[in-house]
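Down below is the structure, laid out as structure tokens.
The values are calculated or read from the model by the stated rules, or taken from the named source; none is laboratory data. All figures in this text were calculated on a predicted structure; none of them were measured in a lab. Glycine gets a Cβ as well: all are built from the backbone with ideal geometry, and neighbour counts include every protein chain shown.
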Amino acid sequence: MLGGYAHRIARIDLTSGKVEYFAPDPKDLEMYVGGRGLGVKYVFENGPQVDPFSPENLLAIMNGPLSGTRAKMSGRLAVVTKSPLTGTVTDSHMGGWTAAKLKWAGFDGLLIKGAAEKPVYLLVKDGEVSIRDASDLWGKTTHEVHRILRERHGEEADVMAIGPAGENRVRFANWINNDERAAGRGGTGAVAGSKRLKAIVVVGKQDHMPQPKDPELWREADRLASATINDPKNVTAPKKGGLSLYGTNVLMNITNVMGALPTFNAQHTCIDGVQTISGEYIREHRLVKDNTCHACPVACKKMVEVHVNGKTIRFESYEYESAWALGAHSGHTDTDWTGYAIYLCNAYGMDTIEAGNAIAVLMEATEKGYYQGEDGIRFGDKEGEIRILEAIAHRKGVGDMLAEGPARFAKAIGHPEISLEVKGQSIPAYDPRGLKGMGIAYATSNRGACHLRAYTPASEILGVPYKTDPLAWEGKGKLTKLFQDLSAFTDSLDLCKFSQFAEGPEEYAKQLAAYWGRPVTPEEILKIGERIYNLERYYNNLAGWAEGSDYLPKRFLEEPSDCAGSKGQRTELDLMLEEYYRERGWERGVVPPAKLAELGILSQAAGD
Amino acid sequence: MPKVNLYATFRDLTGTSHLEVEGRTVGEVLANLVQAYPKLKEELFEGEALAERVSVFLDGRDVRYLEGLSTPLAPEATLDLFPPVAGGALTRNFGAFPAWLLEEYLASWGGKRPEEGLYALPGAKVRFAEAEPLKVGSLSVPQLWVEVEGEEAEAWFNRIVFAASRGGG
């Protein structure tokens with residue numbers, strides 16, 4: 001029996017109220033590991049044609065074989081489902097302690113189907129799942145739900161909740177846990193809302209931590225992983241490296257100088273005064289505490305305080321993507337109002353990236369006269385931005401249209417070109433005219449535009465694993481495939497993306513081998529990553545995302561960048577796609593049967 | 001005055017690994033360097049241009065991605081000069097891949113260490129040295145220069161490239 005697992009998954013039917021338990025198939029564990037990979041496998045088996053908001057859609061809450069162990073940066077939890085935003089399979093991951101506690105409570109995952117008649121929450125404890133009444137929680141913010149349920153079930157309880165946005169099926173509603181970590185993208189919170197599932201409470205104690213099957217190999221694997229992460233010269237070095245000191249938002253000043261920061265809805269590629277929403281400024285002027293997640297020495301989380309209208313608001317975290325979306329992308333760099341907007345998104349349970357894009361699209365539409373409603377707002381209108389965020393969460397006025405996602409809004413007003421989306425999901429904080437690799441990464445991401453499937457800035461900005469020219473397209477297809485496969489694997493362990501700034505296939509393979517109790521080669525883990533990426537793509541092909549669905553917004557292809565660092569640049573998508581498909585062995589974005597057979601997907605899909 | 005770090009065969013040609021050289025641009029510093037060490041001329045230049053296979057890094061960034069020989073230099077700037085490779089040698093700078101970790105891999109693959117910064121593997125020699133870290137904004141990313149030469153250079157180089165795979169997010 002492979003080590004690292006609880007070997008127990010709950011199947012919860014919210015329609016009937018029935019809960020069943022099963023042990024995951026060992027073959028599935030070897031092929032898909034856990035977390036994202038195993039979740040995608042179960043969502044695939046549930047059928048790619050399912051309506052995301054129907055009771056038949058499967059919502060998978062998964063941890064991995066290293067969750068809840070002492071493996072560094074192993075605090076990630078995967079939420080996998082069919083996205084109501086994109087119609088693709090999607091996975092989104094949250095930090096904190098939820099994943100670890102789910103393992104300690106005796107589970108590798110929760111598979112949730114059906115829809116309850118009245119609002120409910122799940123209590124997960126001692127290897128059992130019970131369905132509880134949540135009528136008193138409906139309508140409350142995520143923060144209120146965390147407080148009430150932790151008062152009810154004790155401070156040891158970990159709570160992940162949806163907010164009013166999830167209840168109202170805002171297509172980019174998310175999950176927030178009591179450490180204010182988000183499973184942010186793709187609208188997984190809206191799927192929960194459609195099932196009237198308000199929260200999941202997990203009670204688990206560390207004495208149920210899984211032990212490695214090969215303790216001697218584990219000592220060696222942990223020594224290497226810890227030494228690379230803690231290496232005082234590395235960016236991950238606790239309290240020394242830039243990622244530890246400033247968190248994700250260390251990137252803000254850098255991308256602005258490179259002309260790689262989309263601003264004013266990507267009509268520009270930099271903004272004056274960006275310093276005041278940067279990680280360096282926040283550390284100096286707004287930081288309260290450096291918090292961390294389970295088993296993480298890096299502590300990139302930043303608890304901050306902002307001050308708006310005489311009120312002081314404390315929250316976590318002033319992340320790069322959030323600060324960009326609700327600040328620079330929306331045409332301002334106000335430290336406090338940007339922070340307040342982030343806080344509100346967390347309270348209402350909305351993806352800050354998609355929400356910021358919704359605001360930016362509305363601003364461009366208003367300024368160009370494409371939207372003429374009284375509730376339109378212009379770039380830089382900070383108070384208007386707050387009003388619109390509230391309107392989206394509660395589906396009021398133009399907020400009701402924006403709650404469908406900026407892509408649907410832009411199409412509805414007859415100007416789809418102003419929505420910066422791929423497969424219905426909006427871009428994060430990197431402009432592909434200044435970082436060409438992000439162009440191919442966005443276009444080929446299986447969950448829509450995303451920086452976390454293949455983080456090419458690692459190479460283009462940081463020289464990891466080797467430096468490439470951010471303005472050159474050559475080689476970016478190959479790089480993107482490597483990053484996509486590596487991330488699909490680490491998302492299945494489930495480790496934080498920051499671990500990749502220190503660890504590689506050798507370190508990951510050793511840790512998994514020590515827990516599994518059988519040899520694992522570095523080549524095998526990349527093959528697993530490739531299998532997961534291809535299964536996701538196959539799902540999307542069957543769900544209607546076929547040939548020609550790897551595209552970029554016209555703005556990046558036709559309108560040149562206007563800022564120093566990338567001035568005059570456009571994104572050469574076709575050239576990169578050609579290289580990428582060659583590396584993947586795909587035919588214009590479609591996985592051919594031979595590739596499915598090579599990776600062992602086809603025989604499984606056929607039920608062999 | 002700008003600092004210049006020399007690696008591998010450049011050290012043999014000059015007898016030193018660190019220098020300070022006058023100049024306000026990369027081109028001026030390299031011209032002054034050649035004046036002091038004429039043997040470097042055919043190694044560094046092809047006509048008036050920087051030789052294609054020479055790698056010149058300014059504070060960790062390849063000057064080809066900056067302004068080439070015209071790249072301006074501050075007095076405190078540091079240049080790293082890596083030699084042109086020949087005879088099947090392969091070279092690359094790896095980020096976030098510490099020298100001690102590479103040494104652990106090389107030893108586990110059966111490598112012998114005749115001297116610091118050098119490992120002998122079956123059919124290949126691996127030279128490595130810590131280069132100047134790549135500094136971008138408030139981030140400093142360590143860089144490791146690696147060169148592999150010999151009959152089996154390509155296979156060993158690919159193995160190192162694979163082991164050094166990293167990503168991020």
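Here are the numbers:
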| quantity | calculated |
| --- | --- |
| Criterion (buried (at least 19 other Cβ atoms within 10 Å of the Cβ), under 28 Å from B:Gly123 (Cα atoms), within 14 Å of chain A (Cβ to nearest Cβ) and of a type outside the set (Asp, Glu)) met by exactly one of B:Phe10, B:Phe82 | B:Phe82 |
| Meets criteria (within 14 Å of chain B (Cβ to nearest Cβ) and either part of a loop (DSSP other than H, G, I, E, B) or under 24 Å from A:Phe107 (Cβ atoms) (or both)) for A:Pro232 | yes |
| Residues that are touching a Pro at 6+ places or on another chain (Cβ under 9 Å) and either facing another protein chain (nearest Cβ under 9 Å) or of a type in the set (Val, Ile, Thr) (or both), drawn from segment A:478-501 | A:Leu482, A:Leu486 |
| Unique residue being in contact with a Lys or Arg (Cβ under 6 Å, 6 or more places away or on another chain), of a type in the set (A, V, I, L, M) and part of a helix (DSSP H, G or I) when the list is A:Ala190, A:Ala165, A:Ala116 | A:Ala190 |
| Answer residue from segment A:87-127, given it is of a type in the set (A, V, I, L, M, F, W, C) and out of contact with any Leu (no Cβ under 8 Å at 6 or more places or on another chain) and is nearest to A:His451 (Cα to Cα) among those | A:Val89 |
| Extreme residue, farthest from B:Trp156 (Cα to Cα), among residues of segment B:105-115 that are surrounded by fewer than 15 Cβ atoms within 10 Å (Cβ to Cβ) and modelled with pLDDT of 95 or more | B:Arg113 |
| Matching residues in segment A:498-514 - criterion: being assigned to a helix (DSSP H, G or I) and in contact with a Ser or Thr (Cβ under 7 Å, 6 or more places away or on another chain) | A:Phe498, A:Ser499, A:Gln500, A:Phe501, A:Pro505, A:Glu507, A:Tyr508, A:Ala509 |
| Long-range neighbours under 8 Å by Cβ, at least six apart or interchain, first residue in the same structural domain as A:Met94 (by TED's automatic domain parsing) and modelled with pLDDT under 95 within segment A:146-160, second surrounded by fewer than 21 Cβ atoms within 10 Å (Cβ to Cβ) and not in a strand (DSSP E or B) | A:Glu156/A:Lys205 |
| Restricting segment A:451-481 to residues that are buried (at least 24 other Cβ atoms within 10 Å of the Cβ) and of a type in the set (A, V, I, L, M), the residue that is nearest to the chain's Cα centre (by Cα) | A:Ala454 |
| Residue match in segment A:447-468 (condition: touching a helix residue (DSSP H, G or I) at 6+ places or on another chain (Cβ under 9 Å), charged (D, E, K, R), within 11 Å of another protein chain (Cβ to nearest Cβ) and closer than 30 Å to B:Val63 by Cβ) | yes |
| Segment B:146-159, residues that are within 11 Å of chain A (Cβ to nearest Cβ) and within 25 Å of B:Leu79 (Cα to Cα) | B:Val146 |
| Checking A:Val235 against (1) surrounded by fewer than 24 Cβ atoms within 10 Å (Cβ to Cβ); (2) closer than 27 Å to A:Ala325 by Cα, the condition it does not meet | (1) |
| Strands (runs of 3 or more DSSP E) fully within segment A:246-352 counting 1 or more residues that are aromatic (Phe, Trp, Tyr) and at pLDDT 95 or above | A:311-316 |
| Criterion: touching a residue at least 12 places away in the same chain (Cβ under 8 Å) and surrounded by 24 or more Cβ atoms within 10 Å (Cβ to Cβ) - qualifying residue of A:Ile271, A:Ile313, A:Ile277 | A:Ile277 |
| Counted residues, segment B:116-131 - those being under 18 Å from the mean Cα position of the chain (by Cα) and either outside any strand (DSSP E or B) or more than 26 Å from A:Ala225 (Cβ to Cβ) (or both) | 5 |
| Test: residue in segment A:529-550 that is within 14 Å of chain B (Cβ to nearest Cβ) and of a type in the set (D, E, K, R) | yes |
